[in-house]
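See structure below.
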Amino acid sequence: MKDTIVLGIETSCDETAASVVVNGRKVLSNIISSQVDLHAEYGGVVPEIASRRHVELILPVIDNALREADVTLEEVDAIAVTYGPGLVGALLVGVSAAKAIAFSLNKPLVRVNHIEGHIAANYIAHPDLEPPYVCLIASGGHSHIVHVVSYTEFRIMGRTRDDAAGEAFDKIARVLGLGYPGGPAIERAAKDGDPKAFNFPRVNFTDAPYDFSFSGLKTAVINTVHQLRQKGEPLPVEDICASFQQAVADVLVDHTVSAAKEIKADTICIAGGVAANSQLRESMSQRALKDNIRVLYPKLILCTDNAAMIASAGFYALESGRTADWKLNAVPSLKIGESG
Ligand code: KG4
Ligand code: ZN
């Protein structure tokens, strides 16, 4: 069978990314131009700055991806692009570029949900992985437990009621003065800390056992920091980070393993920026082992935002006949499973 070459484009937040992937699994190039430094001084992503930077970077990044893959635009079979969820101005840069390329070459345009893209990162990392399985997606904007029924069918089993897990990492890091993005900074500080030093809350809902809430945890950590500062005591930053990280990992692991057991899944995948967290990976693997469930996650570069995962998800969408027309628009609040 002839190979299918997909050019993936991702601009939903603060990474401008393009990638060439063969048959949804084999990455020929994966170019990511991060704007993190531009936004760091503001402690978070500034949407207007992000959009302007995407405009400057999008064409050079796509050029680089094609050059590194040694593939010409004519050889590309389809153009896959993130159309939501994300920042509207940022998304529009990728969508416009993808439309222009697809239109000028008369090639199929495929729309990809960013969260479904994060899930697909696992197909690149694990060539034998096939649905069904349970996937925990924990990123800066999303925390979901999803039953991946097929490559293009998703059933949400649990979601956050307030903050996303990554958002909590970013906010706590800001309060502690650790900088942006918060996840890697907190993970580094937590390495030398005691995860039992503070007993931060783990929230559960009886009516929706797989749902999350991180805003209470965030407030508890912030209150602890304020109280210690008011008393003029030195801040045990490492202990606070380790205890906070443990509290997040505990609920993510607990709920995901319970969801996997409910549907008798033999595989759990982790996806999204927070999946880069080694404490989460270790806790999940140890806990799932007890129930003979294997835990898979992508390598670090495929956890955070990238376009290889978009090209992979795009390949499966293309296979199921899910192409877009020239009216494709950005959908900032797109939900999982709404692309069908
Ligand atoms: O998936 P992603 O790159 O962008 C979104 O789609 O949101 O995720 C970014 C989030 C940020 O909140 C960042 O702090 C978090 O992922 N993150 C981490 C780690 N690396 C990135 N959180 C915990 N531990 C990490 N090592
Ligand atoms: Zn993301």
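Please indicate, with yes or no, whether at least one residue in the range 71-81 is in contact with a Ser or Thr (Cβ under 9 Å, 6 or more places away or on another chain), part of a helix (DSSP H, G or I) and either over 25 Å from Lys2 (Cβ atoms) or modelled with pLDDT of 95 or more (or both).
Yes, the range 71-81 contains at least one residue that is in contact with a Ser or Thr (Cβ under 9 Å, 6 or more places away or on another chain), part of a helix (DSSP H, G or I) and either over 25 Å from Lys2 (Cβ atoms) or modelled with pLDDT of 95 or more (or both).
Of all residues in the range 13-32, how many are within 15 Å of ligand 2 (Cβ to nearest atom), within 19 Å of Asn64 (Cβ to Cβ) and not acidic (Asp, Glu)? Give the derivation first.
Taking the range 13-32 first, the residues within 15 Å of ligand 2 (Cβ to nearest atom) are 13-17, 19, 30, 32.
Those left that are additionally within 19 Å of Asn64 (Cβ to Cβ): 14-17, 19, 30, 32.
Add one more test, that the residue is not acidic (Asp, Glu), and what stays is 16-17, 19, 30, 32.
Residues meeting the conditions: 5.
Reported count of residues in the range 13-60, each being over 24 Å from Lys99 (Cα atoms), touching a residue at least 24 places away in the same chain (Cβ under 8 Å) and in contact with a Leu (Cβ under 9 Å, 6 or more places away or on another chain), is 1.
Could you run through the range 68-90 and say how many residues are among the polar types (S, T, N, Q) and over 20 Å from Ile115 (Cβ atoms)? Steps first, please.
Within the range 68-90, the subset among the polar types (S, T, N, Q) is 72, 82.
Then keep just the ones that are over 20 Å from Ile115 (Cβ atoms); that gives 72.
Adding up the residues that qualify gives 1.
Would you point out the residue of the range 14-25, among those that are hydrophobic (A, V, I, L, M, F, W, C) and buried (at least 24 other Cβ atoms within 10 Å of the Cβ), that is farthest from ligand 1 (Cβ to nearest atom)? Only one residue tops the list, namely Val20.
Quick grid of which residues meet (1) in a helix (DSSP H, G or I); (2) more than 16 Å from ligand 2 (Cβ to nearest atom); (3) modelled with pLDDT of 95 or more; (4) in the same structural domain as Thr256 (by TED's automatic domain parsing):
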| site | (1), (2), (3), (4) |
| --- | --- |
| Leu57 | yes, yes, yes, no |
| Arg67 | yes, yes, yes, no |
| Gly89 | yes, yes, yes, no |
| Leu92 | yes, yes, yes, no |
| Ala98 | yes, yes, yes, no |
| Val110 | no, yes, yes, no |
| Ile115 | yes, no, yes, no |
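Would a scan of the range 31-46 turn up a residue that is modelled with pLDDT of 95 or more and not in a loop (DSSP other than H, G, I, E, B)?
yes
Scanning the range 125-140 for residues that are within 15 Å of ligand 2 (Cβ to nearest atom) and more than 21 Å from Val253 (Cβ to Cβ) yields no hits at all.
Considering the range 32-45, and only residues there that are of a type outside the set (Ser, Thr, Tyr) and surrounded by fewer than 17 Cβ atoms within 10 Å (Cβ to Cβ), the residue that is farthest from Pro85 (Cα to Cα) turns out to be Glu41. Taking the criterion of being within 24 Å of the chain's Cα centre (by Cα), more than 8 Å from ligand 1 (Cβ to nearest atom) and surrounded by 15 or more Cβ atoms within 10 Å (Cβ to Cβ), the residues of the range 186-201 that qualify are Ala189, Ala190. Residue-level analysis places Leu105 among those that are away from ligand 1 (no atom under 16 Å from the Cβ) and modelled with pLDDT of 95 or more.
A count restricted to the range 123-159 and to residues that are assigned to a helix (DSSP H, G or I) and in contact with a Pro (Cβ under 6 Å, 6 or more places away or on another chain) stands at 1. Scanning the range 204-238 for residues that are within 25 Å of the chain's Cα centre (by Cα), surrounded by fewer than 16 Cβ atoms within 10 Å (Cβ to Cβ) and assigned to a loop (DSSP other than H, G, I, E, B) gives Asn204, Phe205, Ala208, Pro209. Listed by position, the helices (runs of 4 or more DSSP H) inside the range 245-340 whose residues that are buried (at least 18 other Cβ atoms within 10 Å of the Cβ), of a type in the set (Phe, Trp, Tyr) and modelled with pLDDT of 95 or more number at least 2 are 308-319.
The values are calculated or read from the model by the stated rules, or taken from the named source; none is laboratory data. Everything numeric in this text was worked out from a predicted model, so none of it was measured. Ideal geometry is used to build each Cβ from the backbone, glycine not excepted, and the neighbour counts take in all protein chains shown.
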